Amino acid sequence: MSPPPGKAASGTAVPGAFADAAAPHYHGHRDRLRQRFQEVGGDALPDYELLELLLFRSIPQRDVKPLAKALVQHFGSFAEVLGAPLARLTEVKGVGDSVALDLKVVEAALRRMAKGAVGKRPVLSSWTAVIDYCRMAMAFAEREQFRILFLDKKNALIADEVQQTGTVDHTPVYPREVMRRALELSATALILVHNHPSGDPTPSGADMRMTRELVEIAKPLGIAIHDHIIVGRDGHASFKGLGLI
């Protein structure tokens, strides 16, 4: 009688006889997804598949598609997953400290790349890069932040600083402190930036009053305020574009 499949006549297993059958089903999926990424690029992939590609390295021995979908469903988008705080990431079942940290490292790398694009040439000639950087840095933060881009006389970036961090709907801004810092850096122009954690970037009455006060204080000092940008999950608003500066 012939020995059963995968067995030698002695009854011992034949090495590799069932290698393909024993391989976890997700191995083939990973290969196919990597191949799709190589062929069509990341822009053609839905958010959860791009997230899967990141999770492959953090979680090598498990099907990560359900986790990627759960993260996108929980936070709303790929960008919001990366922008979520460490503590909130680990609230999602299957995300441990190391996975959460890996995602935050990716976010930090993207911020560094976006900031590099802003710093290489005069800011006003690379406005799209400025908006992209501001959204990457602040749009998905859970608390309001007030940020200032300090520029020299050629409109090159001198410094990028978060001046204040507030609550979910308010950040205290101290105009004299802003001007003091601008003079310390010998800045001749500023771009003001803050975020609305609600997602809606529409300027509030308080935003407009604060901006007017800063413009009035800056003018006698020879410091121009080029714009005040508000960023949120739903987009951005430019005071200059709205005719408010």
0 to 90° range, to nearest 10: angle between helix 127-138 axis and the chain longest Cα axis: 70
Using packing as a proxy for protection, rank 73-84, 234-245 so that the peptide with the highest average count of other Cβ atoms within 10 Å comes first. 73-84, 234-245
Mean projected area in nm² (Cα convex hull; one quarter of hull surface) for segment 24-111: 5.4
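Based on DSSP H runs of at least 4 residues, each adding -39500 (n - 2.57), what is the mean residue ellipticity at 222 nm of the chain after dividing by all its residues, to the nearest 500 deg cm²/dmol?
Details: 10 runs with 111 residues, N = 245.
Mean residue ellipticity at 222 nm (helix-derived): -14000 deg cm²/dmol.
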Output the relative contact order of the chain, whole-number percent, from Cα pairs under 8 angstrom with separation of 6+ residues. 12
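Viscosity 1.567 mPa s, temperature 4 °C: Stokes-Einstein D of segment 122-238 from its Kirkwood Cα radius, in µm² per second?
Stokes-Einstein gives a translational diffusion coefficient of 92 µm²/s.
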Sequence ranges 56-67, 36-47, ranked by mean other-Cβ count within 10 angstrom, highest first: 56-67, 36-47
Whole percent per 10 Å bin, from 0 to the bin with the longest distance: what is P(r) over all C-alpha pairs of the chain? 7, 25, 26, 17, 12, 5, 4, 3, 2, 0, 0
Once the Cα atoms of helix 47-58 and of the chain are each reduced to a long axis, what angle between those two axes, in degrees from 0 to 90 to the nearest 10, is obtained? 70
Folded to 0 to 90 degrees: helix 205-218 orientation relative to the chain principal axis, Cα: 60
Of the listed links LYS69/LYS115; LYS104/LYS240; LYS154/LYS219; LYS104/LYS153; LYS219/LYS240, those spanning more than 26 angstrom between alpha carbons are LYS69/LYS115; LYS104/LYS240; LYS104/LYS153
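No lab work stands behind these numbers, since they all come straight from the coordinates. Computed from a prediction, not measured in an experiment: that's the story for all the values here. Cβ atoms come from the backbone with ideal geometry, glycine included; neighbour counts cover every protein chain shown.
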